[in-house]
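Asks: Structure provided below as structure tokens; questions to follow.
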Amino acid sequence: MSLYILKRLASMIPLIFGITLISFLIIHLAPGGPVEVEAQMSLKASAQARENLKRLYGLDKPLHVQYREWLKRFVKLDFGTSFVDGKKVTDKIRERIPVTLKINILSLFLIIIIAIPLGVLSAVKQYSLFDKLTTLFVFLGFSTPAFWLALIMMFLFGVSLGLLPISGIQSIDVAGMTFFERVMDQARHLILPVLLSAFGGIAGFSRYSRSSMLEVVRQDYIRTARAKGLKESEVIITHALRNALMPIVTILGLAVPGLIGGSVIFESIFAIPGIGQLGWMSTMSRDYPTIMGILVISAILTLIGNLIADISYAFVDPRIRVKE
Amino acid sequence: MIRIVWRRFRENPLSVTGLIIILILATVALFAPLIAPYGPATINVYNVLSPPDSAHPFGTDDLGRDVLSRVIWGSRISLSVGFIAIGIAITIGTVIGAVAGFYGGIVDAVLMRFVDIMLSIPTFFLMLAAIAVLEPSINIIMIVIGLTGWMDVARLVRAEFLTLKERDFVLAARAIGANDSRIIFRHIIPNALSPVFVAATFGIAGAILTESAFSFLGLGVQPPQASWGNILTSGKDYITVAWWLSLFPGFAILITVLSYNLVGEGLRDSLDPRLWQNEK
């Protein structure tokens, strides 16, 4: 098992290397180089800022030296200071990661507890009314623009019914609240963003679990289980489900970039001070160092998500470990 | 073969409905200047934010522009972004997948590693970074969606190539002296296109969603040009007073994307020869 983890870690090296290369290329994508872009686009890019930028990206040096410098900063996670407020990019990102992680973990949890039973049930009862309704829901889920649904929900629950707050993560008077009130306040603020960011994922995952389950129930060992006279519920729960759920673990890992990306939309709609909103605002204000920092850190988070998924896959499926 | 596919496609009423809607939408987009009751940018300061009525069935926006006309004009933008972005993605994906699958070995390893790298960077942030550098516009959003959306196609095409290149017709082509590029483009690619068509149909749906999200965030199609996404931006600003600004353009996106997804599903089923049983 530890050998597997080691090999898996080693396979991340070329990926990290590639990420550094692509992010480096993006810096140089701008016509005339990033300094020119800043000089033209951002009012904040004074002569001094331009000098800083030149030093930050080492633009006066030859390309391979620039890349080496970029690699060095990458390893130290040093992305310079923001154009907008002069704060260190790493600090800005660190401040905002917890709320984004909280929302994403909550919606991942929601996706798992809703999508898997939904998919498994519709596979077990293939072609039933339930299966057809789930399929309909899946198609609607794939096709609904999440930000539009967010607007409609905001209008319904926030404006029309006045039940839920439509922006921020806490009320203004949060300081005077008891612990219980604070938890409730937070829950009221988070319920719409979490539900909405889970929405698309629920559609996708119920589909995956359905096809994974359909695959498994056709296997010989399920026929064997039935043949030896087990109850249907036992066949499904102890024999089929365990095998059907294994590939889903890996797919959950692959969902991480989508979830983090989705946070750009929800955080800007609901004014949640997370990494997604920061990414959006930095793009709008062309805050170059910040957006590069977010790109790199979100890519690393994705790699970690995949790593965790793969390791847990190897954990539940002995075939993976033994093969290696 | 097309007749068999069509016959199987026809059996699925939802996919046929999707196809009909797509055709209607394409017609609307093509004849937008004739169909739209008002100009997409005709401002009327005496009639701002008026709710839907007989003169303006979808109401008017904060500048008094007719929302129905803007939604109609917006369909041009959304459809062309969808098609062009996916055209770019399909081209890149097919070439990379074909080369990787055909040559195998080190070429395959390097190209597929590149695919892995692209997949490990969250697409949304990659697009944000590229847009921050290049200044948002309709052309940039098309290119960026295309350049970040080819990886699945590459994988599909590679998988097709891995099995197809071992088949006898490839051997026959080689025997009569065809060179690599002729074998790839004239012999293997035409046989590998079915899954690409399916992926393209789903891809258009995805590209329309992505474009609308970016335009909504102010990072895609720029006003005053109307796109479904940027009409929704003002929908958000006036969410408390003008629900019609949010409802109709979003509904247009939903119907369009749903139609492409339904057609994609129908195509997938009817293009799969394993499901063709007893039809000849």
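What follows draws every value from the coordinates through simple rules; no lab data is involved. Bear in mind that the values here come from a model prediction, so they are computed numbers and not experimental data. Virtual Cβ from ideal backbone geometry, glycine too; neighbours counted across all protein chains shown.
Asks: Let a ≥ b ≥ c be the square roots of the eigenvalues of the Cα gyration tensor of the range B:61-255; is it rounded (a/c under 1.5), or, if not, prolate (a/b larger than b/c) or oblate?
Replies: Cα axes put the range B:61-255 in the prolate bin.
Asks: As a test of the formula, what do you get for chain B when each DSSP H run with n ≥ 4 contributes -39,500 (n - 2.57) and the sum is divided by the residue count, at 222 nm and rounded to the nearest 500 deg cm²/dmol?
Replies: Estimated from H runs of four or more residues: -23000 deg cm²/dmol.
Asks: Could you work out the local net charge near A:Gly119, counting Lys and Arg as +1, Asp and Glu as -1, over the other residues with Cβ closer than 11 Å to its Cβ?
Replies: Result for the local shell: +1.
Asks: Then there is this: Using alpha-carbon pairs under 8 Å, 6+ residues apart, how would you state the relative contact order of chain A in percent?
Replies: Reported as a whole number, the value is 24 percent.
Asks: Another question, if that's okay. Quick one: which residues, 5 or more positions from B:Ser50 or on another chain, have an amide H under 5 Å from its amide H? H modelled 1.01 Å from N in the peptide plane, none for Pro or chain starts.
Replies: B:Thr60
Asks: Please give me the summed charge of the neighbours of A:Gly176: other residues whose Cβ is under 12 Å from its Cβ, Lys and Arg +1, Asp and Glu -1.
Replies: Cβ neighbours under 12 Å give a net charge of -2.
Asks: Assign one of three labels to chain A, namely rounded, prolate or oblate, based on the Cα gyration tensor with a ≥ b ≥ c the square roots of its eigenvalues; rounded applies when a/c is under 1.5, prolate when it is not and a/b is larger than b/c, and oblate otherwise.
Replies: The shape class here is oblate.
Asks: Okay, moving on. Let me know the shape class of the protein assembly as shown, please: from the alpha-carbon gyration tensor, a ≥ b ≥ c as square roots of the eigenvalues, rounded when a/c is under 1.5, otherwise prolate if a/b is greater than b/c, or oblate.
Replies: Since a/c stays below 1.5, the shape of the protein assembly as shown is classed as rounded.
Asks: Under the definition of partner shielding as Cβ atoms of other protein chains within 10 Å of a residue Cβ, what is the mean value for peptide B:63-71?
Replies: Other-chain Cβ atoms within 10 Å of each residue's Cβ, averaged: 0.
Asks: Expressed as a whole number of Å, what is the distance separating the alpha-carbon centroids of the range A:136-181 and the range B:126-150?
Replies: 29 Å
Asks: By how many degrees, 0 to 90 and rounded to 10, does the Cα axis of helix A:179-217 deviate from the longest principal axis of chain A?
Replies: Value to nearest ten degrees: 60.
Asks: Using the per-residue mean of other Cβ atoms lying within 10 Å as a proxy for protection, in what order, highest first, do the peptides A:62-73, A:220-231 fall?
Replies: The densest-packed peptide leads the list: A:62-73, A:220-231.
Asks: If you add up the charges near A:Leu101, with Lys and Arg at +1 and Asp and Glu at -1, over every other residue whose beta carbon is less than 13 angstrom from its beta carbon, what do you get?
Replies: Summing Lys/Arg as +1 and Asp/Glu as -1 gives +1.
Asks: For Cα pairs less than 8 Å apart in space and 6+ apart in sequence, what is the mean separation divided by the residue count of the range A:113-186, i.e. the relative contact order in percent?
Replies: After rounding, I find 14 percent.
Asks: Follow-up. Within 10 Å of each Cβ of A:147-158, how many other protein chain Cβ atoms are there on average?
Replies: Average per residue, whole number: 6.
Asks: Evaluate peptide A:269-282: per residue, the Cβ atoms of other protein chains within 10 Å of its Cβ; return the mean as an integer.
Replies: The mean count of partner-chain Cβ atoms within 10 Å per residue comes to 2.
Asks: Still on this model: Pairs of alpha-carbon atoms within less than 8 angstrom and 6+ residues apart define the contacts here; what relative contact order does chain B have, in percent?
Replies: Dividing the mean separation by the residue count of chain B yields 26 percent.
Asks: Now for a different question. Could you give the angle, 0 to 90 degrees to the nearest 10, between helix B:151-164's Cα long axis and the longest principal axis of the Cα atoms of chain B?
Replies: Its long axis makes an angle of about 20 degrees.
Asks: Can you compute the helix-only [θ] at 222 nm over chain A? Use -39500 (n - 2.57) per DSSP H run of at least 4 residues, normalise by all residues, nearest 500 deg cm²/dmol.
Replies: -24000 deg cm²/dmol
Asks: Once the Cα atoms of helix B:123-134 and of chain B are each reduced to a long axis, what angle between those two axes, in degrees from 0 to 90 to the nearest 10, is obtained?
Replies: Between the helix axis and the principal axis of chain B, the angle is about 70 degrees.
Asks: Using packing as a proxy for protection, rank B:143-153, B:168-178, A:271-281 so that the peptide with the highest average count of other Cβ atoms within 10 Å comes first.
Replies: A:271-281, B:143-153, B:168-178
Asks: What longest region of chain B stays clear of GluC sites (Glu not before Pro) that DSSP places outside H, G, I, E and B and that have at most 14 other Cβ atoms within 10 Å?
Replies: B:12-165
Asks: Here is a follow-up. Taking the highest mean first, how do the peptides B:251-263, A:287-299, A:186-198 order by number of other beta carbon atoms within 10 angstrom per residue?
Replies: Ranking the peptides B:251-263, A:287-299, A:186-198 by packing returns A:287-299, B:251-263, A:186-198.
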